[in-house]
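Reviewing the structure listed below.
The values are calculated or read from the model by the stated rules, or taken from the named source; none is laboratory data. Here the structure is a predicted model, which means the values were calculated and not measured. Backbone-built Cβ (ideal geometry, glycine too); neighbour counts: all protein chains shown.
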């Protein structure tokens, strides 16, 4: 190397500051020896007067040795933790969401564990399925028309999963496990993403049928830091494997031949940390980058996935032989009965007959005994005198307790009519279990909710009262399923409430034994008909048609902009050159907070074709506000401009 040239490392700083979300050039001193792209380094940040962590993204040779550059201070680790494909994915995801690449990488790259790194040894060869496992996987894939060809050709599909248990596991999870086994047989890695730990455990159980245990890599927030780092290092290795995990597993750094997402409508797949990218959107970007197969499997069809099906971006895959649950809706006479009758006679008699043979599932909307209380005289909601939170009862005759601050309301009095008497306004899982226990004497009652987690129940007679999403799996399936509180669930002030209810009810119906009745109580209308006919795609299409004139997601993209009045106004002004419609911006409106100066919030609706320009403009506004705040123009405010794209449920 000539004296006029020098080695340059382009480094991405691990910093949340938006103005630092770019590559910085640093000189590589000779004493550091060979430096590989993707390693962790420590570099000086002159503007802050300190040393920060970062990743070497690129290496180059610069001929202009006179340009003043700081030098890389040290190499933290020789392990290449940021391969080029992972950086490109993080960059694309961040740019689409107007966020920082370092925020995306923070979700997937664990903290370094020195002992694990020093003792780590990559497997000598990949563990592949044997003949029996391959045959079992092929049998599952053959249940769906055209799926085998689509997987081999790396196609994209929305799959309507068979709503039945298969060896004690929901059929959709068995499907994506079989698809991953098929990819592993071809020497390809897979990424399987599920919403929560219950689905994760069930998927791991399903994989035992199709692949060797050593080929499965678990990405789980419940893992210890050493185990998580060990799993991350395994996913960096060239030997094919199957990564199974929750939402952040979609960024696993392996070269994927298949990416599959189970139940994409579950809100747990939405990332709560910046840049707030849903696992579904990250999977779509990853598939484009790696040209892998892509599956969105679920019992229901989210409007986001249905939009992609209608545009021809996803193939619609269904079972060759559809076996659907037997859904029973409430009759017109039952719908006209007083709301005090929570379980009509038809559902009650069906549940009693089924409970003599095996377990019966009763789904309710809320946990606890009485989640909410009202005044016995005027029926006004009972509120805490200290914080205004709702009052609830832990059991019959208990002292009311605030659901927000936890204070006991021993001397409560209604502020409207001065009455001191309270009335139970709703029934939670525990109160429902108490009532059913008296109505079904001699039958054991099991409560399954967040406070009482239950994974499985035996095939013995029992009543299982579970909140939505907490339903355990019964041995052989439930002999009957009763879905209560449907009307209350549909009253939630949520743009996607119908879509969510259909998903909750369908997932519960899929746990029924073949031919067992599924009673939807007290609900009629489009959602009930979609469940009864199992026409989830049609319901999603109707929802899309109704949202399109309102420019609400997913018919259009929506960005939330929040900050001081001046900052939000400047951000909205930055969008003017894009030429959005005059009604694209909703707000700004004040945000209920104690900040000084007060914050405001605005929503920006835009078409998908304008997404890149909107994201770039809003990101530039965030950087400009951050830089100006540091220089003092907005120092008094101390309220950063916050931008979040792809709001699923817009609410001003």
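Brief remarks follow.
- Of all residue pairs spaced 6 or more apart or on separate chains, none has beta-carbon atoms under 7 Å together with a first member in segment 142-160 that is outside the structural domain of residue 261 (by TED's automatic domain parsing) and a second member that is at pLDDT 95 or above and in a strand (DSSP E or B).
- Residues satisfying the stated conditions in segment 195-217, i.e. under 21 Å from residue 106 (Cα atoms) and surrounded by fewer than 18 Cβ atoms within 10 Å (Cβ to Cβ): 196, 197
- Residue satisfying all of: in segment 114-136; more than 33 Å from the chain's Cα centre (by Cα) and in a helix (DSSP H, G or I); surrounded by the fewest Cβ atoms within 10 Å (Cβ to Cβ) among these: 131
- Single residue of segment 218-248 satisfying the filter (under 19 Å from the mean Cα position of the chain (by Cα) and part of a helix (DSSP H, G or I)) that is surrounded by the fewest Cβ atoms within 10 Å (Cβ to Cβ): 248
- Residue within segment 400-422 that is closer than 30 Å to residue 462 by Cβ, out of contact with any strand residue (DSSP E or B) (no Cβ under 6 Å at 6 or more places or on another chain) and at pLDDT below 85 present: no
- The conditions of being exposed (fewer than 15 other Cβ atoms within 10 Å of the Cβ), out of contact with any helix residue (DSSP H, G or I) (no Cβ under 6 Å at 6 or more places or on another chain) and part of a helix (DSSP H, G or I) are met by residue 288.
- Residue check, residue 414 surrounded by fewer than 12 Cβ atoms within 10 Å (Cβ to Cβ) and assigned by TED's automatic domain parsing to the domain that holds residue 505: no
- Residue within segment 441-451 that is assigned by TED's automatic domain parsing to the domain that holds residue 351, closer than 17 Å to residue 343 by Cα and either exposed (fewer than 15 other Cβ atoms within 10 Å of the Cβ) or over 25 Å from the mean Cα position of the chain (by Cα) (or both) present: yes
- Residues of segment 170-190 satisfying the condition of being part of a helix (DSSP H, G or I), buried (at least 24 other Cβ atoms within 10 Å of the Cβ) and under 21 Å from the mean Cα position of the chain (by Cα): 172, 173, 174, 175, 176, 177, 180
- Qualifying position, being closer than 30 Å to residue 574 by Cβ and either modelled with pLDDT of 95 or more or not assigned by TED's automatic domain parsing to the domain that holds residue 280 (or both), among 86, 45: 45
- For residue 521: the one exception among (1) modelled with pLDDT under 95; (2) closer than 12 Å to residue 299 by Cα: (2)
- Listed by first and then second residue, the pairs linking a residue in segment 24-47 that is on the phi > 0 side of the Ramachandran plot to a residue that is surrounded by fewer than 14 Cβ atoms within 10 Å (Cβ to Cβ), with Cβ atoms under 8 Å apart and 6 or more places separating them unless they lie on different chains, are 38/84.
- Filtering 483, 490, 495 for residues that are surrounded by 15 or more Cβ atoms within 10 Å (Cβ to Cβ), modelled with pLDDT of 95 or more and under 17 Å from residue 526 (Cα atoms) leaves a single hit, 483.
The rows are residues; the columns are (1) within 30 Å of residue 557 (Cβ to Cβ); (2) in contact with a strand residue (DSSP E or B) (Cβ under 9 Å, 6 or more places away or on another chain); (3) surrounded by fewer than 18 Cβ atoms within 10 Å (Cβ to Cβ); (4) at pLDDT 85 or above.
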{"site": "298", "(1), (2), (3), (4)": "yes, yes, no, yes"}
{"site": "314", "(1), (2), (3), (4)": "yes, yes, no, yes"}
{"site": "324", "(1), (2), (3), (4)": "no, no, yes, yes"}
{"site": "338", "(1), (2), (3), (4)": "no, no, yes, no"}
{"site": "355", "(1), (2), (3), (4)": "no, yes, no, yes"}
{"site": "358", "(1), (2), (3), (4)": "no, yes, no, yes"}
{"site": "365", "(1), (2), (3), (4)": "no, yes, no, yes"}
{"site": "394", "(1), (2), (3), (4)": "no, yes, yes, no"}
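- Here residue 647 meets the list (1) at pLDDT below 80; (2) in contact with a strand residue (DSSP E or B) (Cβ under 7 Å, 6 or more places away or on another chain) almost entirely, failing just condition (1).
- Residue 214 vs. criteria out of contact with any strand residue (DSSP E or B) (no Cβ under 7 Å at 6 or more places or on another chain) and in contact (Cβ under 8 Å) with a residue 40 or more places away in the chain: yes
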